[in-house]
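Input: a single structure, listed below in structure tokens.
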Amino acid sequence: MMNLFKRTKKITDERVEHVRNKIYKEMYHVILAICLVSALFKLYKYGAGSGELYLEFVIIVAGGLYYLSRSIFLGVFWDEVEMHDRTSKTPMSRKTILGSVTLALIIAIFMGVNSAVSYADGSSQGVWYFILVSFVSVMIYLPILLLFFGGIYLLAKKIGMKNSEDNKKL
């Protein structure tokens with residue numbers, strides 16, 4: 001009677017598990033593509049100012065954050081980084097920094113152009129607004145993005161190294 005609720009470990013075929021994981025991965029990509037198409041359609045139909053994109057935003061961001069957090073805490077993320085660093089000329093740490101700088105510059109240029117086009121009265125004032133807003137945007141967004149993406153990278157490194165030390169002790 002005591003063994004009634006005890007689960008027995010099922011024997012699974014690795015090939016079947018691999019195919020099942022591949023299907024789940026493809027399903028995730030299909031869901032992301034549907035959300036992206038839906039978001040683009042809603043942007044086209046309702047415009048950028050409407051609040052119609054919340055669900056798509058939540059699905060895309062929450063799915064990415066869930067995958068990232070699970071891969072970090074299971075130690076898979078850091079293993080992927082180590083495999084990448086072995087095969088790539090540019091280490092992931094440098095790519096993280098370059099990606100943060102690039103994203104900050106893209107945001108700054110977008111905001112600078114928007115300010116120059118929307119608020120400037122003449123071309124010389126437009127150039128001044130572009131330079132000023134772009135510079136301030138870089139000063140604001142670069143540290144935030146470096147802390148965010150660098151923090152994730154360092155957290156993954158710390159947890160990954162801890163998991164590898166725990167695995168060596170076993």
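The values are calculated or read from the model by the stated rules, or taken from the named source; none is laboratory data. It should be emphasised that the depicted structure is a prediction, and the values quoted were computed from it without experimental measurement. Using ideal geometry, Cβ is built from the backbone for each residue, glycine included, and neighbour counts are taken over all protein chains shown. In case anyone asks, the SASA skips ligands and DNA or RNA and just uses the protein heavy atoms, side chains included. Shrake-Rupley method; radii C 1.70, N 1.55, O 1.52, S 1.80 Å.
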About the Cα centre of segment 80-170, what is the dipole size in debye to 20, counting +1 per Lys and Arg Cβ and -1 per Asp and Glu Cβ, all else neutral?
460
Do any trypsin sites (Lys or Arg not before Pro) in segment 82-168 lie in a DSSP loop with no more than 16 other beta carbon atoms within 10 Å, and if so, which?
Lys89
Per residue, how large is the accessible surface of the chain? Use a 1.4 angstrom probe and give square angstrom.
82
Report, to the nearest 10°, how far helix 14-46 tilts away from the longest principal axis of the Cα atoms in the chain, using its own Cα long axis and a range of 0 to 90°.
20
List the aspartates and glutamates whose alpha-carbon lies under 14 Å from that of Lys22, not counting same-chain residues fewer than 8 positions away?
Glu14
With axes computed from alpha carbons, what is the tilt in degrees of helix 76-87 against the longest principal axis of the chain, rounded to the nearest 10 within 0 to 90?
70
List the residues, sorted by chain then number, that are 5 or more residues from Leu53 or on another chain and whose placed amide H is less than 5 Å from its amide H.
none
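Put Glu165, Glu52, Glu14 in order of accessible area, largest first, 1.4 Å probe: what do you get? List each step's numbers first, then the result.
Numbers: Glu165 110, Glu52 80, Glu14 155 Å².
Greatest to least solvent exposure: Glu14, Glu165, Glu52.
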For Cα extents along the principal axes in Å, the choices are (i) 87, 31, 24; (ii) 83, 41, 31; (iii) 46, 31, 31; which was calculated from the structure?
(ii)
Compute the acute angle (0 to 90°) between the alpha-carbon long axis of helix 92-119 and the principal axis of greatest extent of the alpha-carbon atoms of the chain; round to the nearest 10°.
30
Using a Gaussian network model of the chain with C-alpha springs under 10 Å, which one of His18, His29, His84 is most mobile by mean-square fluctuation?
His18
How big is the accessible area of Ile106 in square angstrom, nearest 10, if you roll a 1.4 angstrom probe over the protein chains?
100
Of the cross-linked pairs Lys45/Lys95; Lys95/Lys158; Lys95/Lys162; Lys42/Lys89; Lys89/Lys169, which ones have a Cα-Cα span greater than 30 Å in the structure shown?
Lys45/Lys95; Lys42/Lys89; Lys89/Lys169
